[in-house]
Structures are given as C-alpha cells and as structure tokens.
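Report on one structure; see the data block that follows.
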Amino acid sequence: MKSITEPLVSAVLKALQDAGIVPAGMQPTPCQQQQAAHTAIETATGTTYSVCATLPATYDAAGYGATSLTYSAVGKCQDFPGWGLERPTGEFRPISGDVEKYDGAPGYGGGDWIMGDVVGDAGQAILKTASESTTRAHITIKGTRPDTAVFYLDVIVSSWKLSAAKENTPYLRTAMVQVCRAPVIVAAS
C-alpha cells in the first residue's frame, strides 16, 4: 500500500474527528485513508474496468484480490455509473408534535454503464450472461484508477441493451448495474 505521510494522516484524522466522522481515539478506515491520499482532483481518464463471474470467498480486499478469481477486462468503456453509500430519509408525521426523521436502509448506487459494442469482448460477454440470469446472479466489478487505487463492487446486471442505429454513430451497449453491498477500496500502491 502507498504510505501516506504522518503529517497528512494526522491533519486528516483531526479534520475527520472535528467533523464527527471519526470518533476521538479511533483511526480512519482504509476508505478514509484513500480519500486522504488524494490531495488534488483526479480525472476518470485512464480508469480500467474488469469483471469476474465468480464471487469472492470474503467481501474484503483479500477476498476480492484472491488469485483464484479471474477478472476479464471490459473494453471500450465510455461512462460508468456513480456509486457509494446512500440512505433515504424517512419521515413520520404525527397529528400532534414534531416530524420525526429516521435513516432508511443503506444502498450503494448504480446505473447505466455505457460502452462501445464489441461482440468478442470477454468482459462484455460476462455482463451479457449476467443480465440473462433468471436468479439475478451477482458478479464482481474491479475498477483500477490511474493512480493504481482499486475498487471492488458486488453487482447485479439488470439489463443489456444495444443503442439505436444512427448514421455515423457507433453502436453502444448499456448495462444497467446495481451495487449490492458496500464497495471495497484498496489504496494506491
């Protein structure tokens, strides 16, 4: 893993503690450390995506990174959906008294993954097969950012659509992916 300088970690930890995100006396999570390692914006240009039809034995960095899993690159990616923790806020509106609000169940996002249609692409073949599963088979997505940080997503693929044909326009594929559990982020090496 990439080492983060002690002053930066201390400053980020203090900011996270001051904001109430990390309780006093606790260390930041690997996800928080990964965010701390990025001191400037980074574009998605150069990010690569691959998929694996086999699920990990454990849903952590060691499980997703196991040598028993084989990832196939997905070529010609154009757009990848947003992902991350999201919780709906529910409300109870009593006849008398204040409105009460509460957190709903966590979700992790998803949406349209758009790519150029390449029939012989092994990664796209896995996405197509997953979309046709009648049992809503889960697959793993591995994203590798330009700085070598990696994220793993457990997803289902709910559609596999070909774009409309237009003059002078390439065929595109859209895979609707939904993230099913908390993403796993591995800091840059």
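Between T169 and K76, the contour length at 0.36 nm per residue exceeds the Cα-Cα span by 32.0 nm. Charge tally for W160 (other residues, Cβ to Cβ under 13 Å; Lys, Arg +1; Asp, Glu -1): -1. Scalar couplings 3J(HN,Hα) for region 115-120, obtained by applying the Karplus form with A = 6.51, B = -1.76, C = 1.60 to θ = phi - 60°, are 8, x, 6, 10, 4, x Hz; x denotes Gly and Pro. Y102 contributes an accessible area of around 120 Å² to the protein surface, as traced by a 1.4 Å probe with all chains present. Stretching T148 away from A125 to a fully extended chain increases their span by 5.8 nm, per 0.36 nm per residue minus the current alpha-carbon distance. Along each principal axis, taking the top coordinate minus the bottom one, the Cα set of region 56-161 gives 63, 33, 31 Å in descending order.
The values are calculated or read from the model by the stated rules, or taken from the named source; none is laboratory data. This is a predicted model, so every value here is computed, not measured. Backbone-built Cβ (ideal geometry, glycine too); neighbour counts: all protein chains shown. These accessible areas exclude ligands, DNA and RNA; they are computed on the full protein's heavy atoms, side chains included. Shrake-Rupley method; radii C 1.70, N 1.55, O 1.52, S 1.80 Å.
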